[in-house]
Structures are given as structure tokens and as C-alpha cells.
Amino acid sequence: MSSLMINFFIKTAEAAIPPKPTLGDIIKVTWNDAIRPAIIFLFILATTVFIWGLIEFIANAESEEGRTRGKRNIVYGIIGMTIMLATGAILVLLDNFFKSIT
């Protein structure tokens, strides 16, 4: 199983960069291979924090401290999701802008 994953990453890395890369090619590779997966991962992480906050808030309904922790995690999750959505939107706008120039 691990050799299959290693082969996938090696083939992806070899196929990603053309022989004479332009700035647009470098930006595209960076976007597809690094930035976009990181944004998706962080959005999933923020969603997990939000859901964990909901569970914590509901499970500790009788405890003020537990509800406070739950509320804090809900707020952190919402802030994280908002930041990742805004970051993704800005990067899509930049990508469209650079596509329109070329």
C-alpha cells in the first residue's frame, strides 16, 4: 500500500513541472500541489473543531465551564472556516486574474 502511494507522489511530481516552466506554470503547480490541499485540510480541521465544539456544548449542558469551552471551539471553528473560505476565494480571484492576462 505504501509503495503505491510513493509511486503516485513521484509520478505526480514528475508530471507537474514542464521542461521550461513559466511563472504561470510555477503558480499553477504551487496552487494545485501545495496551497489548495493545505486550504482544504485547514477547512476540514476548522469544521472538525466546530463540530467538536457543538458536541462539547451539548454534552456539557449542565456545566458552565463545559458550555464555555464548547462556545469557544464553535467560535474558533467559524473563524477558521471563514478565513479558509476567504483565502480560497482570494486565490481563485488571483488565479482568474492571471489567466485573463495571458
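In segment 88-99, is there at least one residue being polar (S, T, N, Q) and closer than 17 Å to residue 31 by Cα? Looking through segment 88-99, at least one residue is polar (S, T, N, Q) and closer than 17 Å to residue 31 by Cα. Listed by first and then second residue, the pairs with beta-carbon distance under 9 Å, at least 6 apart or on different chains, first residue in segment 47-68 and free of Cβ contacts under 8 Å to residues at least 60 places away in the same chain, second surrounded by 12 or more Cβ atoms within 10 Å (Cβ to Cβ) and among the acidic types (Asp, Glu), are 66/56; 67/56. Only a single item in (1) out of contact with any Ser or Thr (no Cβ under 9 Å at 6 or more places or on another chain); (2) at pLDDT below 95 is not met by residue 72, and it is number (2).
The values are calculated or read from the model by the stated rules, or taken from the named source; none is laboratory data. On a predicted model such as this, the values are computed, not experimentally measured, just so you know. Glycine also receives a Cβ, built like all others from the backbone with ideal geometry; neighbour counts cover every protein chain displayed.
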